[in-house]
Amino acid sequence: RILLTRSTSYFYDEQPPRETGATVSLSTNDTIVFLNESAPGIYSTDRYFAGEIGKTYTLTIVTTDGEEYTSQSTIKHVARLDYVLAYYMPNSMYPYFGEPGFYNLKLFAQEPEGAGDNYMFKVYLEDETGRMQLHNDTLIEQLFATTSDEGFDGMYLPGVDFYSFNQSEIKRDTTYGKVEMLSIPKEFLDYGYAAISEIFQGGMFGTIPANVPTNISNGGLGFFYASDITTHDFIIVKEH
């Protein structure tokens, strides 16, 4: 999925305007796929389209006024999730600090050999109505759910904590969730951390705001990446 917007003034206090009517495509050496505008400014591939590990994909965007932007990303493999376990952890500091407890997620997976892999987790959780919602739905929250293979390259991960929920977030006696584990380029992490630095900088020693690094040509802002993905469901049984 590609989201296109126009940049706005620093003092613009609304959502940036969506860029509609653009021609958006993904291509390799032997294939080109055009994306459909599924909602204003949101361009999606056909549901049956799937990228291939090891291939480099070129994103090309041509706006209605003829501006052209390109970017490239290579899909790297991702570790396959064998199991995701949710368990309850009481808070020893309660009631002096925080909530009575937390629900942590552990993953079990074989990390592929070959240093330099980076991963991001997107975690979905049922709300009060039973509808599955993305829990870490902002860039900042997603960056807190990232890791590299440094220190465990090629190893089996026999139950590693990687995410947690506050006890108050679990509304149903039995709550279902889903984890997506994505392979991401290190440059995306650099982009994300630079964006956070710009958002939270300030004070007496704050630096002059500047555009964050990007992999989009022609002065485009943002970041494009293609990734491999693996998913696994989990269940949380509420503590009473």
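Suppose every K and R has +1 on its Cβ and every D and E has -1 on its Cβ; what is the size of the dipole of the chain about the Cα centre, in Debye to the nearest 20?
Approximately 260 debye in magnitude.
What shape does the range 1-106 have by the C-alpha gyration tensor, where a ≥ b ≥ c are the square roots of the eigenvalues, rounded means a/c under 1.5, and otherwise prolate means a/b greater than b/c and oblate the rest?
oblate
Provide the FRET efficiency to the nearest 0.05 for the Asn166-Tyr83 pair, computing r from the beta carbons and using R0 = 25 Å.
The calculated FRET efficiency here is 0.60.
Just want the answer: with Cβ charges of +1 for Lys and Arg and -1 for Asp and Glu, which residue in Ile32, Tyr57, Tyr124 is farthest toward the dipole's positive end in the chain?
Comparing the listed Cα positions along the dipole, Tyr124 ranks first.
List the chymotrypsin sites (Phe, Trp or Tyr not before Pro) within the range 1-106 that DSSP assigns to loop and that have no more than 13 neighbouring Cβ atoms inside 10 Å.
Tyr10, Phe11, Tyr12, Tyr48, Phe49, Tyr96, Phe97
How about the range 21-85: which GluC sites (Glu not before Pro) there are in a DSSP loop, with at most 12 other Cβ atoms within 10 Å of their Cβ?
Sparse-neighbourhood loop GluC sites (Glu not before Pro): Glu52.
Do any GluC sites (Glu not before Pro) in the range 122-175 lie in a DSSP loop with no more than 13 other beta carbon atoms within 10 Å, and if so, which?
Within the range 122-175, the qualifying GluC sites (Glu not before Pro) (loop, at most 13 other Cβ atoms within 10 Å) are Glu128, Glu150.
Find the lysine pairs in the chain meeting two conditions, Cα atoms under 19 Å apart and a separation of 8 or more places or different chains, and report how many there are.
Lysine pairs meeting the criterion: 11.
Here, each number is a calculation from the coordinates, and none is a lab measurement. As the structure is a prediction and not an experimental result, all values here were calculated from the model. Because the Cβ atoms are built from the backbone with ideal geometry, glycine has one as well, and the counts that use them run over all protein chains shown.
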